[in-house]
1. Of everything in region 22-35, what is of a type outside the set (D, E, K, R) and either within 10 Å of the chain's Cα centre (by Cα) or open to solvent by 30 Å² or more (accessible area, probe 1.4 Å) (or both)? Give them in sequence order.
2. Kindly state which helices (runs of 4 or more DSSP H) lie completely within the chain and contain at least 2 residues that are touching a Leu at 6+ places or on another chain (Cβ under 7 Å).
3. Among the residues of region 55-69, write down those that are open to solvent by 40 Å² or more (accessible area, probe 1.4 Å) and either of a type in the set (D, E, K, R) or touching a residue at least 24 places away in the same chain (Cβ under 8 Å) (or both).
4. Hey, does region 14-21 have a residue that's open to solvent by 80 Å² or more (accessible area, probe 1.4 Å) and among the aromatic types (Phe, Trp, Tyr)?
5. Using beta carbons and a limit of 6 Å, which pairs, at least six apart or on different chains, have the first residue in region 36-53 and closer than 13 Å to residue 15 by Cα and open to solvent by 30 Å² or more (accessible area, probe 1.4 Å) and the second one part of a helix (DSSP H, G or I) and small (Gly, Ala, Ser)?
6. In region 13-52, how many residues are aromatic (Phe, Trp, Tyr) and modelled with pLDDT under 95?
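The values are calculated or read from the model by the stated rules, or taken from the named source; none is laboratory data. Since this is a predicted model, take the numbers as computed values, not measurements. With ideal geometry, Cβ positions are generated from the backbone for all residues, glycine too; neighbour counts draw on all protein chains shown. Remember, those area values only see protein heavy atoms, side chains included, never the ligands or the DNA or RNA. Shrake-Rupley method; radii C 1.70, N 1.55, O 1.52, S 1.80 Å.
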Amino acid sequence: MQYKHSLSSYEKECLLFAADDKGIKETAHLLGISAGSVKKRRSSILEKTGCRTLVGALAVAIKEKIISF
């Protein structure tokens, strides 16, 4: 699967926090942004990767070497 668009650095941060099992509120607190902003970034991640879940988006990001641990 090829993702549609590259992820922004902010989206990559949100995806890495999701991979670290951080929820929306905790991610927002750690990044100093609103929970709504995290939700928008997660939605954008799903759209760009063509996935329905964050687990799927993480799998794509790892396979495509968008993020690494």
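1. Listed by number, the residues that qualify are 23, 24, 29, 30, 31, 32, 33, 34, 35.
2. On the way: elements: 9-19, 24-31, 35-49, 54-63.
In the chain, 9-19, 35-49, 54-63 are the helices (runs of 4 or more DSSP H) which contain 2 or more residues that are touching a Leu at 6+ places or on another chain (Cβ under 7 Å).
3. 63, 64, 65, 69
4. Within region 14-21 (the criterion being open to solvent by 80 Å² or more (accessible area, probe 1.4 Å) and among the aromatic types (Phe, Trp, Tyr)), the answer is no, since none of the residues qualifies.
5. Sorted first by the residue in region 36-53, then by its partner, the pairs are 46/57.
6. 0
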